[in-house]
Amino acid sequence: MAADDGTAVRLTGLRKAFGATEAVAGVDLEVRDGEFFAMLGPSGSGKTTVLRIIAGFEEPTAGTVELAGREVTRLAPFERDVNTVFQDYALFPHMTVEQNIAYGLKIRKVPKAERRERAHAALSSVRLDGYERRRPAQLSGGQRQRVALARALVNRPRVLLLDEPLGALDLKLREEMQVELKQLQRSVGITFVFVTHDQQEALTMSDRIAVFNHGRIEQVGTPAEIYERPATPFVAGFVGTSNLTNGFSVRPEKIRILAEGSPAESEHDEAAGTVAEVVYLGESTRFIVDLDSGGRLTALRQNLDADATEVAAYRGRRVLLRWHRRHNFAVVQST
Amino acid sequence: MRSALKSLVAIGVLALATACSSTPAKTAPDGSFTPPKLTAQQSLGAGEGQVNLIAWAGYVENGSDDPKVDWVTPFQKQTGCQVNVKVAGTSDEMVNLMKSGQYDAVSASGDASLRLIASGDAAPVNTDLVPSYQDIFPSLKLQKWNSVNGVAYGIPHGYGANLLMYRTDKVSPAPTSWGAVFQPDSPYKSHITAYDSPIYIADAALYLAKTKPELGITNPYALDQRQFDAAVALLKQQRANVGEYWSDYLKEVSAFKSGDSVLGTTWQVIANTAQGEQIPVKAVLPDEGATGWSDTWMLYSKAAHPNCAYKWMDWITSAKTNAQVAEYFGEAPANQKACDNTSDKNFCAEYHAGDAAYYQKIAFWTTPIPQCVDGRRNVKCVPYADWVQAWTAIKG
Amino acid sequence: MTTDSAGRRLAGALHRRPRLRLGLLLAAPLTWLLVAYLGSLAVLFLSAFWTTDPFTSDVVRSWTTDNFRTLLSAPVYRTVALRSLGVAAAVTVIDAVVALPIACYTALVAKPSRRPLLVVALLTPLWASYLVKAYAWRIILANGGPLDWALGPLGLHSPGYGLTAVILVLAYLWLPYMILPIHAGLEQLPANLLDASADLGARTWRTVRSVVLPMVLPSVAAGSVFTFSLSLGDYLAVQIVGGRSQLIGNLIYANVTLNLPLAAALGTVPVVAILLYLLAVRRSGALRSL
């Protein structure tokens, strides 16, 4: 058994097959103590299965799970120092908010007075003071989400697992909760392992991201590394919009749109073409340009002072696309 | 029909049906009554193609119980009347089934017949339309259980006694008295069986008539309150030893087969069936005598198939058929010429057919009414409605 | 196409009149409910106040409360009513205790692909005739029958015919009616709740006690409405395996023949008992899962 070396979660050679399909096809991963770690991937990429294996709801077909240096691969969920926030919150409908939050403490025979106190504090930390007596059915989606968070955090686990915790919320609430969750994680100092299919969410909140595809990890890195230097075409495509031409790639927002014949600049690459499509996004506009050399590039431009009619006039226009060479990144074809 | 609500609905519908039925007869203070004015059919028309009967088990056999026992098929062939039968286990069941209005004729015992006549459910029968009637023992014609004021309300079928049956391998010594089922400290506790009908109170009264003469019981269907209470008390005491009560004859056969019952009241036909299944049983007529039945085929006053019903009444009481039924069921035939048609030539002698003296020993089922049927005028007797309530209380 | 346009007009008219639409939809079933169902209950209650001619057993429609007075005054009716309630309660408890683990298995433990098959298997006894099953039990319970034979090595005997046998047979007969609602309730139980409970530190038994049972309780109550009312209305099992005992159903059955008003009065006893039971169950919220 390895010693506690500041690694919160260590997965080694993890595999999980459901019948003939292999949901997890060999995953090695280390999550450090205190990290806000995201597992990002499309649905069916195996990220949720990995989370469920860490929680103990599934047993891996092969490989090991260590939590803080202790091997827990075959242990039941109740024998692991982790807690989970479920996608649909999984609040007990027959219990009040307070009973839900105090459930874990009650099982661990925490005295009643302390239970109450901690439940109140946890509720307060998610800004739901005064909701103790409510039933889950009487709460909004955002409120339930916070109760689920409080119910998990009140046990002060070593690792908190979150399975698409914001997936069911509307956009505005989701953006609020992203900030709140991040603040909460900083204040409690608990390791968060977070599953999401939303690249924006992963980029916003995480210290590091693991990108999953077909049961494997394609890349692990900081949001900047993942975004600026995607290791595989899949990562490049899944995280942000990718422009893939002749072995290199460049992010749309790095590309400037100039009139044909603009004077050349050093250290820059350029390509001429015709605007095929214009997509007005409100704050910005996406231009899809068919290059004369073949292929296609997407460029993103902030609508600094252009309006919708103006940008629409670009369709069919000849343009020159130009970007600084340092934004080029090579992508290795994944096997 | 097993959910409570469903059975209640059924009861409700039944209530609606009976509520719309005819007004009952007036009972005179002397016990005689005037039945509703009904006239017998004057002539016989063509058969209606079918006839619906209510009968005791063993009376209407079409070969399905025993291929050799079949007197329905020849009747159907001869008359074109398809026979549908409903087997009833008690007289009360028969009375109720008749009130449903779906049947044409019934093999009523004496404790059902008068009730059917008084309620107007049974019609007078034109005996001229039933050729077999000529051959019926005169002692059975126009008796108080099958006629009113000299008007026949049916054709006599046969008569017999309720017997005491026991497992020969389990009951020893062989019982000769009804005391075997009434003694309080019976060695056959929980294995005694009794007939499940209020009329069974008469069996207790009959036993008391012989064993407790101080009660002065002369007719087990004419019990004053004191005599009735004594009979009820005897039955309550008997209940402690009873394994189960029976009214379905197949149930009694199965209980004797398994040995859950080893001793109790029975009919000859049940004893025959049991012996046919190799169950070691014997049925005897105990020393005290017995209660019994004298059955009459009666016609429903609003029968849908009266002509077929007449044909059936003639067929079942005709010499040959009556002999078959009597031998199969184990009773004395009503048709005197039946005695020439039995396969066992001693049959009529064995069953004392036509022997009026012998049948003095049998107390035929009669409906108890307030006017004591034994002729006493200084007391009121307990009517059948109270027997029914008492029977409920006896079973507890 | 004139007919087509007439049809369209009618459809349009109906579309604009939702109340008329609802009325047309419910007219037939409501008539059935009112006439056949509530109507017969009303007649039942009404006829309980009539009496019979003591000789012919014909119903005499004269107003009297004698039947109810008899029910209240004769001790035998109270005894039988209490016995019937006791049997119904015992059957319900036995069925709940037996059905819970079975339903837990069929709804939660068994492979999802096998679950429909298991449910069908549990329902197979319902395909057989009531009488066949009851008579089968008569044979099983008989003196020297299969149960005696099976219990013999343990030094035990078949309970024989009697109340114990009645409870046993009724519990057997109505078991599917208890399993089904519990199975349905457990199936609707989100699997995540069980995971969440384990995640919060609860061992299996604790999860069953704190999460599964409280959540499935309404289903148990729903099932108990079936087992309780079916048991209270039964009279056949008693006749077949009850030995010398009788329940309220037997009294009703015995009196339907001869004293219909008394039978009707007796019939109100289970109706009242079941209504009270339903009221009690309603408070538990179980009627929502019926």
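The values are calculated or read from the model by the stated rules, or taken from the named source; none is laboratory data. Values in this document were obtained by computation on a predicted structure and should not be read as measured data. Don't worry about glycine lacking a Cβ; one is built from the backbone with ideal geometry, like all the others, and counts go over all protein chains shown. For accessibility, only protein heavy atoms count, side chains too; no ligands or nucleic acids. Shrake-Rupley method; radii C 1.70, N 1.55, O 1.52, S 1.80 Å.
Observations, loosely collected:
- Residue B:379 vs. criteria surrounded by fewer than 21 Cβ atoms within 10 Å (Cβ to Cβ), modelled with pLDDT under 85 and among the aliphatic types (A, V, I, L, M): no
- Condition met for residue B:32 (modelled with pLDDT of 55 or more, farther than 28 Å from residue B:384 by Cβ and open to solvent by 40 Å² or more (accessible area, probe 1.4 Å)): no
- Among the conditions (1) within 28 Å of residue A:44 (Cβ to Cβ); (2) crowded, with 21+ Cβ neighbours inside 10 Å; (3) at pLDDT 90 or above; (4) in contact with a strand residue (DSSP E or B) (Cβ under 8 Å, 6 or more places away or on another chain), residue A:155 misses just one, which is (1).
- Condition check for residue B:177: within 26 Å of residue B:272 (Cα to Cα), without any contact (Cβ under 8 Å) to a residue 40 or more places away in the chain and part of a loop (DSSP other than H, G, I, E, B): no
- Note on the range C:114-132: residues that are touching a residue at least 40 places away in the same chain (Cβ under 8 Å) and either closer than 14 Å to residue C:240 by Cα or open to solvent by 80 Å² or more (accessible area, probe 1.4 Å) (or both) total 2.
For every residue, the table says whether it meets (1) among the polar types (S, T, N, Q); (2) on the phi < 0 side of the Ramachandran plot.
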| site | (1), (2) |
| --- | --- |
| B:294 | yes, yes |
| B:303 | no, yes |
| B:312 | no, yes |
| B:375 | no, no |
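- Residues that are touching a strand residue (DSSP E or B) at 6+ places or on another chain (Cβ under 6 Å) and not in a loop (DSSP other than H, G, I, E, B) within the range A:72-82 comprise just one, A:82.
- Within the range C:60-74, the presence of at least one residue that is touching a helix residue (DSSP H, G or I) at 6+ places or on another chain (Cβ under 6 Å) and either among the β-branched types (Val, Ile, Thr) or open to solvent by 40 Å² or more (accessible area, probe 1.4 Å) (or both) is confirmed.
- Taking the numbered list (1) assigned to a loop (DSSP other than H, G, I, E, B); (2) open to solvent by 40 Å² or more (accessible area, probe 1.4 Å) in turn, residue B:342 passes all entries but (2).
- The numbered conditions (1) without any contact (Cβ under 8 Å) to a residue 12 or more places away in the chain; (2) more than 13 Å from chain C (Cβ to nearest Cβ); (3) within 22 Å of residue B:172 (Cα to Cα) are all true for residue B:258 except (2).
- All positions within the range C:51-75 that are basic (Lys, Arg) and facing chain B (nearest Cβ under 7 Å): C:61
- Selected residue (only one of A:188, A:193 is out of contact with any strand residue (DSSP E or B) (no Cβ under 7 Å at 6 or more places or on another chain) and either of a type in the set (Val, Ile, Thr) or modelled with pLDDT of 90 or more (or both)): A:188
- Listing of helices (runs of 4 or more DSSP H) fully contained in the range B:66-173 that carry 3 or more residues being open to solvent by less than 10 Å² (accessible area, probe 1.4 Å): B:91-99, B:110-118
- Answer residue from the range B:213-231, given it is open to solvent by 20 Å² or more (accessible area, probe 1.4 Å) and under 18 Å from residue B:365 (Cα atoms) and is farthest from the other protein chains (Cβ to nearest Cβ) among those: B:218
- Filtered residues of the range B:243-254 (kept if crowded, with 24+ Cβ neighbours inside 10 Å and either facing chain C (nearest Cβ under 9 Å) or part of a strand (DSSP E or B) (or both)): B:243, B:244, B:245, B:246
- Screening C:195, C:199 for residues that are touching a strand residue (DSSP E or B) at 6+ places or on another chain (Cβ under 6 Å), without any contact (Cβ under 8 Å) to a residue 24 or more places away in the chain and within 7 Å of another protein chain (Cβ to nearest Cβ) leaves exactly one candidate, C:199.
- Of all residues in the range A:77-136, those satisfying the criterion of being at positive phi and either surrounded by fewer than 22 Cβ atoms within 10 Å (Cβ to Cβ) or outside the structural domain of residue A:52 (by TED's automatic domain parsing) (or both) are A:109, A:127, A:130.
- Residues of the range B:259-288 satisfying the condition of being on the phi > 0 side of the Ramachandran plot and either among the polar types (S, T, N, Q) or surrounded by fewer than 20 Cβ atoms within 10 Å (Cβ to Cβ) (or both): B:259, B:278
- Selection count where residues are over 29 Å from the mean Cα position of the chain (by Cα) and modelled with pLDDT of 90 or more, scope the range C:182-200: 8
- Every residue from the range B:338-396 that is within 14 Å of chain C (Cβ to nearest Cβ) and hydroxyl-bearing (Ser, Thr, Tyr): B:366, B:367, B:384, B:392
- The range C:10-50, residues that are within 14 Å of another protein chain (Cβ to nearest Cβ) and either open to solvent by less than 50 Å² (accessible area, probe 1.4 Å) or acidic (Asp, Glu) (or both): C:36, C:39, C:40, C:41, C:43, C:44, C:47, C:48, C:49, C:50
- Among the conditions (1) away from chain C (no Cβ under 14 Å); (2) within 15 Å of the chain's Cα centre (by Cα), residue B:137 misses just one, which is (2).
- Where strands (runs of 3 or more DSSP E) fall entirely within the range A:207-325, those with at least 2 residues that are surrounded by fewer than 19 Cβ atoms within 10 Å (Cβ to Cβ) are at A:216-221, A:256-258, A:268-280, A:284-291, A:296-302, A:318-324.
- Among the residues making up the range C:133-177, a single one is away from chain B (no Cβ under 11 Å) and among the basic types (Lys, Arg): C:133.
- Condition check for residue C:135: assigned by TED's automatic domain parsing to the domain that holds residue C:90, in contact with a strand residue (DSSP E or B) (Cβ under 6 Å, 6 or more places away or on another chain) and either hydroxyl-bearing (Ser, Thr, Tyr) or exposed (fewer than 15 other Cβ atoms within 10 Å of the Cβ) (or both): no
- Residues (assigned to a strand (DSSP E or B), of a type in the set (Val, Ile, Thr) and surrounded by 22 or more Cβ atoms within 10 Å (Cβ to Cβ)) located in the range A:20-52: A:24, A:27, A:31
- Neighbours by Cβ (under 6 Å, 6+ apart or cross-chain): first from the range B:84-97, more than 9 Å from chain C (Cβ to nearest Cβ) and within 16 Å of residue B:249 (Cα to Cα); second polar (S, T, N, Q) and crowded, with 20+ Cβ neighbours inside 10 Å: B:91/B:109
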